[in-house]
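Participant: Before I ask anything, let me first share the structure, which is written out below as structure tokens.
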Amino acid sequence: MIRHRPHGSGHPYSVDTEQRQPVDPVAGEPLTLGARATPDLVAVEAELVTVDPQGVRTEQRMPLERVSRTSRGQSIDGGHLASAQARLARGGGGWAITLDAPAAGSGIRYRLTGRTAEGAEQHTRWFDTRVSGWQAAADDAVTADGRTRVVPGSVSVLTDGQRVRRVRFALPLAEGEHVTGFGERFDALDHRGTQLDSVVFEQYKSQGAERKTYLPMPFAHVVGGAGWGFHVRTSRRAWFDVGATDPGLLVVEVEADAAAGEPAVTVAFYDGTPTAVLDAFLDEVGRPEELPDWVFRLWASGNEWNTQAEAMRQMDLHREHDVPVGSLVIEAWSDERTFTAFRDARYEPNDDGAPHRLADFEFPADGAWPDPKGMVDELHSRDIRVHLWQIPLLKARPHPTGQALADALAAEREGVLIREPNARGELRPYRNRGWWFPLSTMPDLTDERAARWWTEKRRYLVEEVGIDGFKTDGGEHAWGRELVYLDGRRGDEGNNRFPVAYAKAYGDLLRSAGKAPVTFSRAGFTGSQAHGAFWAGDENSTWEAFRWSMYAGLSAAASGILYWGWDIAGFSGPLPSPELYLRATAASTFVPIMQYHSEFNHHRTPSRDRTPWNLAEQSGDDRVIAVFRDFAKLRERLVPYLAAEAAESVRTSAPLMRPVYFDHPALETAWSHPLQWMLGRDLFVSPVLTEGEVEHETALPPGEWVDAWTGDAVAGPAVVRAAVPIDRIPVYVRAAAWPELRATFAAGA
């Protein structure tokens, strides 16, 4: 067998062995053609037919060389799916040839041929592509909305003479200007001097080190001079060189698909303060919607809370330890096949894929979830809301049976799936190419009919069981520009939009059932601002990840995400130290969503639950529960303030968790001390982010402030140092608001 896939898997950061690289050949640059071949093939060669712009035809045959195998961006000796890598190793070898692409406008036709030791041949089909080249373009190839800042003469396009594939242009950067935003970013607040891109990607842990994100946006603030910002109006991938190559230029490169000579990309420019820039951006992409006050209470979850007994035991422990909790997120609730039925429930499959109602289910007394509705009713009586985990996929492994099979067949029959072309160019259901739930099919939730088909299966959970929201996880599975959505858009345009539509679809379900549209997502893109709450995704329990997560929250806020949180002290790996856990708890008390979560650990002992009682038991530190309790109770007292300030944020566009530069764009300490923030109009927060710190430095912005813990008055701007025992986080209250907020911070209030 010999295989060549011109587009590869669509992994945005790695090249697969069997793909063409680059997918769109560029004149004069290296062009690699790769293949995967079974071990019986001992030689592989390429047959190429090139027709140059003058019509001159050239035919060549060139041998390929053996190369190490990769697939889905992972080498056979790496990655975190050992079994998948072993299959790759058994599957045969990789082959590749690299040549210089011919002149722009040339056509290339090729196929790859493998030969066995006995001389038998196997062929791929013929593939066709055209060669593009970079050429200067008129400035109006970039359409500007607002006062243009495109540097004259900086526009160039990558074109094959028929279509424009990419556009490149530059924006000016003045001395002293800082560039921030770009969606949720984990590595820095100011991106000047760096390079980044905007593509939705599941970076499992270490997002700050890898500089990849679940929630990018081609939107940024330029702060420190006159004040401006920009939004590249595209859902395609874009790259940004933020003064890294030329300190005075911000160079933007954007994927495109336009006729040669036509405008290929539009950029909106905004002038003014960061709040004015964000307000103008939200005007066009959608504004956050106020969610109920209860979203500001503590959220709790653990992947091993996978039975009704365990979920209720954990809620009982919150009550026993006097730790107030407002939301329970149950991840491991479903049969893990349909994501609509509770595990162990007995029911007759609907062969036509129609939704079930609660009466269709029998819940065995000895099953994992003997009485889901009774459980939810009990939790509601305790003033605890319940959220269920979701994945936007129809699983293919293990081979579906029962309702999962009926749903898979119905989805294809009803035409609600994202599709991809097969080797003959015919459309078939897209199969997930990522490493999580591989080969699953994917409903096109960007289509209203398909979204309704999908969410109606979950309606009984909301209307009859009483579920209050959904954790809309895993919105990053659409890989590949050749995917086809139901409205005809290809993957290069539709994939980044998918997680926005995913959260919207579940929000619409909740709203239609008379509930608030509370979704909890990790993936998103431009437009996600209007759809629910978000958390920062998967991360280890380390101090470094703690700092990365705070950057993520501030950059997300600067991009218009109002309801944001993270897994307190990380959800994965060894338990955090008591110090890390409590410092992270303190910081989380002062971000919009306060929640903890823990990864599945196969029920091995000792437990890795991130509950305060498990941390206390494992560490032997008797401070953990008491300090966590005090912060959870403080959070309860903060709920009215947070709800009022969220409403103000919706009204004004000033972020609830607000980077200092929003209010003080010329203040140097906004950048020298980036991990500090305003929480609403009256609280200034400076978390402890360094292990072993006993005295903390806070850079207060201008104004009259009161230390929330001592009541001491402090005038800003000032850099102040204060002792930080484990039960304290530096928080300063605006002096004018102190009379109203004093009781909130009073011990035992």
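Values quoted throughout were computed directly from the atomic coordinates according to the rules given, and no laboratory measurement underlies them. Because the structure is predicted, anything quoted here is derived from the model rather than measured. Counting neighbours? That spans all protein chains shown, and the Cβs are built from the backbone with ideal geometry, glycine included.
Participant: Hey, can you grab everything whose amide H is under 5 Å from the amide H of R163? Only 5+ residues off in sequence or another chain; H modelled, so Pro and N-termini drop out.
Facilitator: HN-HN under 5 Å from R163: A260.
Participant: What ranking, highest mean first, results for peptides 540-553, 285-298, 57-70, 721-734 when packing means the other Cβ atoms within 10 Å averaged over each residue?
Facilitator: So the order, starting with the most tightly packed, is 540-553, 285-298, 721-734, 57-70.
Participant: Taking every Cα atom in the range 262-304, find the radius of gyration and the maximum pairwise distance Dmax, and write them in Å.
Facilitator: Just the Cα atoms of the range 262-304 yield Rg and Dmax of 18.2, 55 Å.
Participant: So what is the relative contact order for the range 138-191, in percent, with contacts set as C-alpha pairs under 8 Å and at least six apart?
Facilitator: It rounds to 25 percent for the range 138-191.
Participant: Same structure, new question: Expressed in whole Å with the largest first, what are the equivalent ellipsoid semi-axes of the range 613-666 derived from the C-alpha gyration tensor as the square root of 5 times each eigenvalue?
Facilitator: For the range 613-666, the ellipsoid semi-axes come out as 34, 15, 8 Å.
Participant: Here is a further query. With each label point set 7 Å from Cα along the Cα-Cβ vector, what nm distance links T690 and E412?
Facilitator: 5.9 nm
Participant: Calculate, in nm to one decimal, what R651 and A723 gain on full extension: separation in residues at 0.36 nm each, minus their alpha carbon distance.
Facilitator: 22.2 nm
Participant: Now, a different point. Quick one: which of 103-113, 132-142, 207-217, 584-594 comes out on top by average Cβ neighbours within 10 Å, and what's the full order, highest first?
Facilitator: Highest-to-lowest ranking by the protection proxy: 584-594, 207-217, 103-113, 132-142.
Participant: Could you tell me what a quarter of the Cα convex hull surface of the chain works out to, in nm² with one decimal place?
Facilitator: 33.2 nm²
Participant: I would also like to ask the following. What pairs in K373/K633; K373/K471; K395/K504; K457/K504; K395/K457; K212/K395 have C-alpha atoms more than 24 Å from each other?
Facilitator: Where the Cα-Cα span goes over 24 Å, the pairs concerned are K373/K633; K212/K395.
Participant: Peptides 460-466, 512-518, 472-478: what's the order by average Cβ count within 10 Å, highest mean first?
Facilitator: Packing order, densest peptide first, comes out as 472-478, 460-466, 512-518.
Participant: Now for a separate question. At 222 nm, what helix-only mean residue ellipticity would the chain give, in deg cm²/dmol to the nearest 500, using -39500 (n - 2.57) for each DSSP H run of four or more?
Facilitator: Mean residue ellipticity, 222 nm, calculated: -7000 deg cm²/dmol.
Participant: Something else about it: Just to be sure I follow: if Rg is taken over the C-alpha atoms of the range 118-261 and Rh is the Kirkwood radius over the same atoms, what is Rg/Rh?
Facilitator: 1.09
Participant: Another question, then. Sequence-distant or interchain residues sharing an amide H contact under 5 Å with W564, placed H: which?
Facilitator: F534, I593
Participant: Order by neighbour count: S555, S686, fewest other Cβ atoms within 10 Å first, most last.
Facilitator: With the fewest neighbours first, S555, S686 line up as S686, S555.
Participant: So what's the net charge close to R165: Lys and Arg +1, Asp and Glu -1, counting the other residues with Cβ under 9 Å from its Cβ?
Facilitator: Summing Lys and Arg as +1 and Asp and Glu as -1 gives -2.
Participant: Tell me, what HN-Hα J-couplings in whole Hz come from the Karplus equation 6.51 cos²θ - 1.76 cosθ + 1.60 at θ = phi - 60° for each residue of the range 475-484, using x for Gly and Pro?
Facilitator: For the range 475-484, the Karplus curve yields x, 10, 8, 8, 10, x, 6, 8, 4, 10 Hz.
Participant: Calculate, axis by axis, the spread of Cα positions in the range 657-745 along the three principal axes, and write the results as whole Å, longest axis first.
Facilitator: 33, 33, 21
Participant: First select every other residue whose beta carbon is under 14 angstrom from the beta carbon of L250; then total the charges, Lys and Arg +1, Asp and Glu -1.
Facilitator: Charge balance near L250 sits at -4.
Participant: HN-Hα J couplings of the range 704-716 from phi, Karplus 6.51/-1.76/1.60, θ = phi - 60°, integer Hz, Gly and Pro as x?
Facilitator: Couplings: 9, 10, 10, 4, 5, 9, 9, x, 6, 7, 9, 9, x Hz.
Participant: For the chain, list the DSSP H helices whose alpha carbon atoms reach 20 Å or more along the long axis and whose average Kyte-Doolittle value is -0.5 or above?
Facilitator: Helix filter hits for the chain: 498-512, 543-558, 623-652.
Participant: In the neighborhood of H603, defined by Cβ-to-Cβ distances under 13 Å, what is the net charge if each Lys or Arg adds +1 and each Asp or Glu adds -1?
Facilitator: -2
Participant: Using θ = phi - 60° and the Karplus curve 6.51 cos²θ - 1.76 cosθ + 1.60, what whole-Hz ³J(HN,Hα) does each residue of the range 216-227 get, with Gly and Pro shown as x?
Facilitator: Once rounded to whole Hz, the list reads x, 8, x, 9, 8, 9, 10, 10, x, x, 5, x.
Participant: Take the Cα radius of gyration of the range 267-353 and divide it by 2.2 N^0.38 Å, with N its residue count; two decimals is plenty.
Facilitator: Scaled against compact globular proteins, the figure is 1.77.
Participant: Assign unit charges at the C-beta atoms only (+1 for Lys and Arg, -1 for Asp and Glu), then state the dipole size of the chain relative to its Cα centre in Debye, rounded to the nearest 20.
Facilitator: The calculated dipole for the chain is roughly 1460 debye.
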